[in-house]
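S.K.: Next up is a structure, given as structure tokens.
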Amino acid sequence: MLASFVLLAAAAATAHAHTVMQQIIVDGKAQGALTGIRVPAKNSPITDVTSDDIICNANLKTAADVIDVQGGSKVGIEWHRTIGKLSSDVISESHHGPLQVYLAKVNSATQEDVTGLSWFKIAEQGFDAGSNAWATDDLIKNKGVFDFTMPSCIEAGDYIMRADITALHNARPNKANGAQLYIGCSQFKVSGTDGSATPSTVSFPGAYDPDDEGLHVNPFQKVTSYPIPGPQTFSCDGVSALIPMQASEFD
């Protein structure tokens, strides 16, 4: 009986440490909890980067809403632990790791099938050796919000936005599937862009390799540099599209 209680308590604590994409904020305007977001059935991580679940998470519901975003807009992605609840809980402080954002051009942002899409990375944050801080540390400080700038040089139209947090607390150099990826996808209609750029793209699954060094770093040992998994980040001027994160006003 005691053993069963301990197992249940451990499972509850583990779920409490997880996170999920909850809200999109465009130029300071919150779009509403779960609006335009493909909501998974659970807040559990994906650990197999070769699975189709690495695209947008597992057991998804396609959203009815599409979020309008102008090129050059500041876009915030807000993460919290409990689906549909904009609480103060973001992710466990032990879940150190990077955060990345991708786009894929689609015929319709509400299309159900997300397999076979061509993705390009538009923002990332990993590890800052100067402050000894991970992207997740800043995410917690900023109440779950990660900000990026929507590129103004891409083709206008419908996009799926994909973001992932790679939690490394269970990762080790020789351990398979130790990294935990928390993945969310949102539906965008992008306008006000000039279409001058054709970014190089990658596929999911495929962009991350199970043997990528960045999926096997132990964050509890001394880290001096960190290789973020995946491709190079695209931006119109060749400069990272990450902008300083600010705390959400909507939790």
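The values are calculated or read from the model by the stated rules, or taken from the named source; none is laboratory data. None of the values given here were measured: they were computed from a predicted structure. Methodologically, a virtual Cβ is constructed for each residue, glycine included, from the backbone with ideal geometry; neighbour enumeration extends over all protein chains shown.
S.K.: Condition test on Ser44, is it without any contact (Cβ under 8 Å) to a residue 60 or more places away in the chain, farther than 26 Å from Asp158 by Cα and not aliphatic (A, V, I, L, M)?
M.R.: Yes: the conditions hold for Ser44.
S.K.: So Lys189 ticks every box in (1) surrounded by fewer than 18 Cβ atoms within 10 Å (Cβ to Cβ); (2) in a loop (DSSP other than H, G, I, E, B); (3) not acidic (Asp, Glu) but one. Which box is left unticked?
M.R.: (2)
S.K.: Residues that are within 20 Å of Trp134 (Cβ to Cβ), touching a His at 6+ places or on another chain (Cβ under 8 Å) and among the hydrophobic types (A, V, I, L, M, F, W, C): does the stretch 159-167 have at least one?
M.R.: yes
S.K.: The conditions are (1) farther than 30 Å from Glu112 by Cβ; (2) at pLDDT 95 or above, and Val190 fails exactly one of them. Which is it?
M.R.: (1)
S.K.: Scan Ala171, Ala179 and give me the residue that is under 16 Å from the mean Cα position of the chain (by Cα) and farther than 29 Å from Ser73 by Cβ.
M.R.: Ala179
S.K.: Counting residues that are over 17 Å from the mean Cα position of the chain (by Cα) and at pLDDT 95 or above, which strands (runs of 3 or more DSSP E) fully inside the stretch 1-88 reach at least 1?
M.R.: The qualifying strands (runs of 3 or more DSSP E) are 67-70.
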